[in-house]
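Colleague: Below: one structure in structure tokens.
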2 protein chains.
Amino acid sequence: MRKRIYFNAFHMNCVVHQSPGLWVRPEDRMTQYTDLNTWVELARLLERGRFDALFLADVIGPYDVYRGNAEAALRQAAQMPVNDPMLLIPAMAQATEHLGFAFTSSTLQYHPFIFARLISTLDHLTKGRIAWNIVTSYLDSAARSLGQSELLPHDERYDVAEEYVEVCYKLWEGSWRDDAVVKDRARGIYADPARVRAIHHEGRYFRSDGYHLAEPSPQRTPVLFQAGASPRGREFAARHAECVFVSGLNPAKVGELIRQTRLQAGRLGRDPADLLFFLYAKVITADSEAAVQRKYRDYLESVRDEGALALLSGWAGIDFSKYADDELLQFVETNAVRTLTQSFKRPASAHRWTLGELVKLVGLSGGGPLLMGTPEQLADTFENWIAAGVDGFNLAYMVTPGSFADFVEGVAPVLQRRGLMQTEYQDGTLREKLMGAGRARLRPPHPAVQHRWT
Amino acid sequence: MRKRIYFNAFHMNCVVHQSPGLWVRPEDRMTQYTDLNTWVELARLLERGRFDALFLADVIGPYDVYRGNAEAALRQAAQMPVNDPMLLIPAMAQATEHLGFAFTSSTLQYHPFIFARLISTLDHLTKGRIAWNIVTSYLDSAARSLGQSELLPHDERYDVAEEYVEVCYKLWEGSWRDDAVVKDRARGIYADPARVRAIHHEGRYFRSDGYHLAEPSPQRTPVLFQAGASPRGREFAARHAECVFVSGLNPAKVGELIRQTRLQAGRLGRDPADLLFFLYAKVITADSEAAVQRKYRDYLESVRDEGALALLSGWAGIDFSKYADDELLQFVETNAVRTLTQSFKRPASAHRWTLGELVKLVGLSGGGPLLMGTPEQLADTFENWIAAGVDGFNLAYMVTPGSFADFVEGVAPVLQRRGLMQTEYQDGTLREKLMGAGRARLRPPHPAVQHRWT
């Protein structure tokens, strides 16, 4: 096989993840997000299609930047209501054998001591198929929900995250030796206490003085995802991430970002090839170009501007209700919006987007590339992105399970025929499936390893 | 049917819950506690046997009072390692239709805003089969793990718990109106924002200013378990608990405690019959008395004193390594040990227990009544306890699944023939299964109800 392309399904435990309005369509099942069957069947479909993992997003506060309140988000079910992502995993793990499960957890959400056990429990129950998407939260509403007046400044949130993962590494890698659990039935000894120790962490943001409650799990530290786009975020990714979630419309620019982050990782002593870059994307596919266009128009018609505006305002931190529909967005001089508008400019295009146009497209695409075409055309598109430096894709959906079923039935077989997508899973843990046999654990000089006790 | 007896299976996500040493026996499966199949099969067995619920204990620190360290607990796997209980539930829920799931979560463990969503998510995923066992933690090691130097004083821990449940009630009952989710496909409206509101809580221990992230779940507030034995604990139970976990060896004394708690609940305006009392117990049963005795001797032989001492010292808060094996325990003048020793005196017996005797018995029984006999004899015993005022039992195990299989195959049919145990489940949520049809939600004057928004 040539270098294979990695695929995750990008999802969320809610009605509307990135497709405001499309939940009303009869073929969308996400109004049944509270039913485990919805998720178990999705997991089985993804495993049948040889997806690497299901990647679950999360937020812990509503999108309330648009018009300064949560009304639009609530009306449109735009990532609100949103149930806990982690609790979907055990039932899906029980119904599958290989599919990985990545979930988002903010460093605001749990004390790291509690979080470390949650992860270890999941790593045990899934037999090592767990990944953690490390986020620092971007909505002030999350901080207020937790009794804080607002989020810490952006870069300090990363300082918190650095310390948070350090506490986790100590617990995951340094509290139990690999040989601690002896299960000696004859002598009635389960663990050798000489090989288990408490950690002692007293930092600026966290304290913990205790034994990791869980015995060593298959991966110890879960596969680490991160999505930092800012300089500080990229620095964090270069140091800690194994899988980096990137976004952008322009392959050359995304490729350059990836090269920069790999270089940074290399400067930290890491093998740049140990970082896999997943591009956010959505796919519309069908047997013919005409059918693709029909689907596109159908979906576009279902998009609800109000939901798109709620999401867009939350992401950008800007209340777009203050702008007219025909306003040209280049004139909004903030970083966040510049990023969004740039990502929406097609390569080599001088087109300037109005808010109205942007909203429609964000509503449909979620802000990343919308890849449309027949399976053969899409396989070419994926190859182009891979040539630019991307390793894989986090595929968001228009409708569930339809968007994933379309991919599994149409696109995956073409990619597999071209030798670009796995036809069978690598045995072992998620890290081995992603990085290769024998790679169940992190390897030096990843910062987790320095906390390992051998 | 006569007043039926309720039965929960009492368990924990670990190797040794209350039976130190018995994990080495070939028929015990708990070394496979990290395998979801172990739990899914247990849940199916319990549902086949018409158990009301699986009740999962938890601790968030090791038993390190004995000899001042965690060595004995680790060697004996005495509730350490211990994985998170909540994450077992989704897979078991998917494999069952009616079995309830109660799990223990300390008010130390999560910010109530985060915990409230975890519960609501589980209540959705199980279609309303969730109960929460409210605990305030008794091990200083839990506090240290979370960066505190020690636990708050006993009664203040209940003040924290009072405020914790208040925040939860506000989120569960008061953030979304019953009619908030409209799912109006024609107008593209999922929820009516006029029927969803943020809570504003600023108390002594917690702050939260936000919308409950989850839409209304079948029960809203989960079924509430509590196990307070102290005066302050009983007061908390009388106010908040729907199911009270009690322990003791003497039916008259346990019955008196139950009557007192019901009276307290009555003084608070609650219907005393709205509280169900579950007695901790273990069962050894077989076809003949001789076979029961053989099992008893077998199990007793497997008990490991060191594990029992680790547990006993943790529960009592006393390092029993400082006492001689033949010391008479009435001379240890602390409340906690008095409770233990009293509970071990057989009714109308003047026998004083030595530490050595106590340890063996605690190792086998976990500190509560050890009910032994043929199925017919046990049915009589259960009837006697019911006559004393108990509503049901939390049955701990010697071995898993053996102890539960023995009950399901031997005892349950006898109780069912006598009309003392359900043969089919009531439809609906766990609260309806326990309290009767139409009782999905808490009713006035339960303190949760005052936070309801109608």
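Colleague: List the number of the failed condition for A:Pro231; all other conditions in (1) modelled with pLDDT of 95 or more; (2) more than 14 Å from every other protein chain (Cβ to nearest Cβ) hold.
Modeller: Every listed condition holds for A:Pro231 apart from (1).
Colleague: I would also like to ask the following. Looking only at region A:200-210, filter to residues that are out of contact with any Phe, Trp or Tyr (no Cβ under 8 Å at 6 or more places or on another chain) and facing another protein chain (nearest Cβ under 9 Å); which one of those is surrounded by the fewest Cβ atoms within 10 Å (Cβ to Cβ)?
Modeller: Of everything passing the filter in region A:200-210, A:Glu202 is surrounded by the fewest Cβ atoms within 10 Å (Cβ to Cβ).
Colleague: Let me ask something else about it. Scan region B:141-159 for residues that are assigned to a helix (DSSP H, G or I), touching a residue at least 60 places away in the same chain (Cβ under 8 Å) and more than 20 Å from the chain's Cα centre (by Cα) and jot them down.
Modeller: If the condition is that a residue be assigned to a helix (DSSP H, G or I), touching a residue at least 60 places away in the same chain (Cβ under 8 Å) and more than 20 Å from the chain's Cα centre (by Cα), then B:Ser141, B:Ala143, B:Arg144, B:Ser145, B:Asp155 are the ones that fit.
Colleague: Can you say whether A:Thr38 is closer than 22 Å to B:Phe113 by Cβ, within 12 Å of chain B (Cβ to nearest Cβ) and of a type in the set (Val, Ile, Thr), as far as the supplied structure shows?
Modeller: No, not satisfied.
Colleague: Just checking, how many residues over region B:394-435 are outside any helix (DSSP H, G or I) and open to solvent by 20 Å² or more (accessible area, probe 1.4 Å)?
Modeller: The number of residues fulfilling the criteria is 8.
Colleague: Here is a follow-up. Tell me which residues, restricted to region A:174-194, are open to solvent by 10 Å² or more (accessible area, probe 1.4 Å) and without any contact (Cβ under 8 Å) to a residue 60 or more places away in the chain.
Modeller: Within region A:174-194, A:Asp179, A:Val181, A:Val182, A:Lys183, A:Asp184, A:Arg185, A:Ala186, A:Arg187, A:Ile189, A:Asp192, A:Pro193, A:Ala194 meet the criteria.
Colleague: Which one of A:Ala43, A:Ala72, A:Ala53, A:Ala95 is closer than 26 Å to A:Ser141 by Cβ, more than 7 Å from chain B (Cβ to nearest Cβ) and either small (Gly, Ala, Ser) or open to solvent by 10 Å² or more (accessible area, probe 1.4 Å) (or both)?
Modeller: Residue meeting the stated conditions: A:Ala72.
Colleague: Only one of (1) within 14 Å of chain B (Cβ to nearest Cβ); (2) open to solvent by less than 10 Å² (accessible area, probe 1.4 Å) is not met by A:Pro218, so which one is it?
Modeller: Here A:Pro218 clears every test but (2).
Colleague: Could I ask something else about it? Given the options B:Asn37, B:Asn13, name the one that is of a type in the set (S, T, N, Q), out of contact with any strand residue (DSSP E or B) (no Cβ under 7 Å at 6 or more places or on another chain) and modelled with pLDDT of 95 or more.
Modeller: Answer to the selection: B:Asn37.
Colleague: Determine whether A:Ser365 is open to solvent by less than 10 Å² (accessible area, probe 1.4 Å) and of a type in the set (Ser, Thr, Tyr).
Modeller: For A:Ser365, the condition - open to solvent by less than 10 Å² (accessible area, probe 1.4 Å) and of a type in the set (Ser, Thr, Tyr) - is met.
Colleague: Residues being β-branched (Val, Ile, Thr) and more than 8 Å from chain A (Cβ to nearest Cβ): count how many of those fall in region B:8-25.
Modeller: Number of matching residues: 0.
Colleague: If you don't mind, another one. Against the conditions (1) farther than 20 Å from B:Ala93 by Cβ; (2) open to solvent by less than 20 Å² (accessible area, probe 1.4 Å); (3) within 12 Å of chain B (Cβ to nearest Cβ), where does A:Arg67 fall short? Just the number, please.
Modeller: Failing condition for A:Arg67: (2).
Colleague: Moving on to the next point. Is it the case that some residue within region A:171-190 is within 12 Å of chain B (Cβ to nearest Cβ) and in a helix (DSSP H, G or I)?
Modeller: The answer is yes, given that some residue of region A:171-190 is within 12 Å of chain B (Cβ to nearest Cβ) and in a helix (DSSP H, G or I).
Colleague: Go through the residues of region B:126-142 one by one and say whether even a single one is modelled with pLDDT of 95 or more, open to solvent by less than 10 Å² (accessible area, probe 1.4 Å) and facing chain A (nearest Cβ under 9 Å).
Modeller: Yes - at least one qualifying residue is present in region B:126-142.
Colleague: May I pose another question? Does at least one position in region B:184-197 carry a residue that is among the acidic types (Asp, Glu) and closer than 30 Å to B:His98 by Cα?
Modeller: No, every residue in region B:184-197 fails to be among the acidic types (Asp, Glu) and closer than 30 Å to B:His98 by Cα.
Colleague: Related question: Quickly run through region A:221-236 and pick out the residues that are open to solvent by 30 Å² or more (accessible area, probe 1.4 Å) and farther than 15 Å from A:Pro153 by Cβ.
Modeller: A:Ala227, A:Ala229, A:Arg234, A:Glu235
Colleague: Of (1) under 30 Å from B:Leu364 (Cβ atoms); (2) open to solvent by less than 10 Å² (accessible area, probe 1.4 Å); (3) under 22 Å from the mean Cα position of the chain (by Cα), B:Glu383 satisfies all except one. Which?
Modeller: Failed condition: (2).
Colleague: Return the residues of region B:436-454 that are among the aliphatic types (A, V, I, L, M) and either crowded, with 20+ Cβ neighbours inside 10 Å or not in a helix (DSSP H, G or I) (or both); say none if nothing qualifies.
Modeller: Those that are among the aliphatic types (A, V, I, L, M) and either crowded, with 20+ Cβ neighbours inside 10 Å or not in a helix (DSSP H, G or I) (or both): B:Ala437, B:Ala440, B:Leu442, B:Ala448.
A quick yes/no check of all residues on (1) open to solvent by less than 10 Å² (accessible area, probe 1.4 Å); (2) over 30 Å from A:Val408 (Cβ atoms); (3) at pLDDT below 80:
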| site | (1), (2), (3) |
| --- | --- |
| A:Val283 | no, no, no |
| A:Tyr299 | no, no, no |
| A:Leu309 | no, yes, no |
| A:Phe331 | no, yes, yes |
| A:Asn335 | no, yes, yes |
| A:Ser349 | no, yes, yes |
| A:Gly356 | no, yes, no |
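The values are calculated or read from the model by the stated rules, or taken from the named source; none is laboratory data. Keep in mind the model is a prediction, meaning the values are calculated, not measured. Neighbour counts are summed over all protein chains in view; Cβ atoms, including those assigned to glycine, are modelled from backbone coordinates with ideal geometry. All accessible areas refer to the heavy atoms of the entire protein, side chains included, with ligands and DNA or RNA removed. Shrake-Rupley method; radii C 1.70, N 1.55, O 1.52, S 1.80 Å.
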